[in-house]
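One structure below.
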Number of protein chains: 2
Amino acid sequence: MDDAQHQYVDKVATFFTLFGSARAWAEILGWLMICEPAERTQAEIAEDLGLSAGTVSTQLRAHVQLGMVEQVRVRGDRTQRYRLRPGAWYAVMASELERIRALGDLARAGDGVLPRDRPERVTELGDLADFFAREWPPLMERMTAELEKGSA
Amino acid sequence: MDDAQHQYVDKVATFFTLFGSARAWAEILGWLMICEPAERTQAEIAEDLGLSAGTVSTQLRAHVQLGMVEQVRVRGDRTQRYRLRPGAWYAVMASELERIRALGDLARAGDGVLPRDRPERVTELGDLADFFAREWPPLMERMTAELEKGSA
DNA sequence: GCACGTTTTCAGTATTGCCTGAAGTCAATG
DNA sequence: CATTGACTTCAGGCAATACTGAAAACGTGC
């Protein structure tokens, strides 16, 4: 890992740390975006970034569960390899629909305590969630179309 | 604050805490959604939620800076009052455009270290940000139209 | 089924960031 | 100009979380 690479990993790490991510999680993400080859073992990542094996194991699993990273098996090699999943960023955006729905549920859970004074404080959130729940699927379709075009 | 209200505040707090918000920040938000009257002083909020004056001051300021909460001056009363801003949720969504742009910048900052192996690991993020930067404004317009309709 | 490297787990440690309480600042009022 | 109350700031305590290191578990290839 040269200086420029190190700097970029740091930039990515700083960015996501601002939104509450763990430093190691973000560093792994940044590194998997630019490392060569794209496929790497846990031991390599630990060595490259100066992290312990335990940390890499834990944070890598988090990435896999989020759908950002996937495992690659190489025949004849017992070592697992990991790489940034193609379309990883798109997948994250697509999964946003679940969070939108959760927000809507949160608003509806407020029905029992709707304030007489300016009840729209609660209903507004529900309306917003409904709006996005409606708009998101077609938006994701346009996004996918864009993706196809770019990779074609 | 009755039991049902307390329960709702807790639900809101739990939700946002999952995404890394400070507990006090989230409790204040939940309470400002349902309290009556909608306008409240710092001292009242502290009393209602069992928080210290310092915490309320700090977290309330965070809400104001994010545009979720606004201050209301009452003539002849030296005490400042705070309330959830009408259209607060919409404003937050509208400001999302800035974060989209920041993501795009992060991707473009990777140009200097573009991997020869699967460079789309970096460019994909940039394309995604560009897509959303394009789609967001018209989406926000549709959202605003919806808002007018609902409040009319 | 054995042996070996890989991966996971977990107890302990370090670090981070929240919250409190008290002291300080400011503004309005008489 | 002094007094009063509201608000802010900040050092310190504390709780939550991330990270490490080592040991246990796993699973692959022989």
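Nothing in this text is a laboratory measurement; each read-out follows from the coordinates by a stated rule. Please read these numbers as outputs of a predicted model, since none were measured by experiment. Methodologically, a virtual Cβ is constructed for each residue, glycine included, from the backbone with ideal geometry; neighbour enumeration extends over all protein chains shown.
Structure notes:
- Residue within region A:68-79 that is at negative phi, within 16 Å of DNA strand D (Cβ to nearest atom), within 12 Å of chain B (Cβ to nearest Cβ) and among the aliphatic types (A, V, I, L, M) present: yes
- Test: residue in region A:70-83 that is free of Cβ contacts under 8 Å to residues at least 40 places away in the same chain, within 30 Å of B:Gln7 (Cβ to Cβ), out of contact with any helix residue (DSSP H, G or I) (no Cβ under 8 Å at 6 or more places or on another chain) and not in a loop (DSSP other than H, G, I, E, B): no
- Taking region B:94-118 as the range and being assigned to a helix (DSSP H, G or I) and either facing chain A (nearest Cβ under 7 Å) or closer than 20 Å to A:Leu84 by Cα (or both) as the test, the residues that pass are B:Leu103, B:Gly104, B:Asp105, B:Leu106, B:Ala107, B:Arg108, B:Ala109, B:Gly110, B:Asp111, B:Gly112, B:Val113.
- Condition check for A:Arg121: among the charged types (D, E, K, R) and closer than 26 Å to A:Ala24 by Cβ: no
- Restricting attention to region B:119-141, the residues that are under 20 Å from the mean Cα position of the chain (by Cα) and at the interface with another protein chain (Cβ under 7 Å from one of its Cβ atoms) add up to 1.
- Members of region B:6-37 found to be surrounded by fewer than 20 Cβ atoms within 10 Å (Cβ to Cβ) and over 25 Å from A:Thr17 (Cα atoms), listed by number: B:His6, B:Gln7, B:Asp10, B:Lys11, B:Glu36, B:Pro37
- Of all residues making up region B:45-60, the number that are near DNA strand D (Cβ under 10 Å from one of its atoms) and touching a strand residue (DSSP E or B) at 6+ places or on another chain (Cβ under 9 Å): 2
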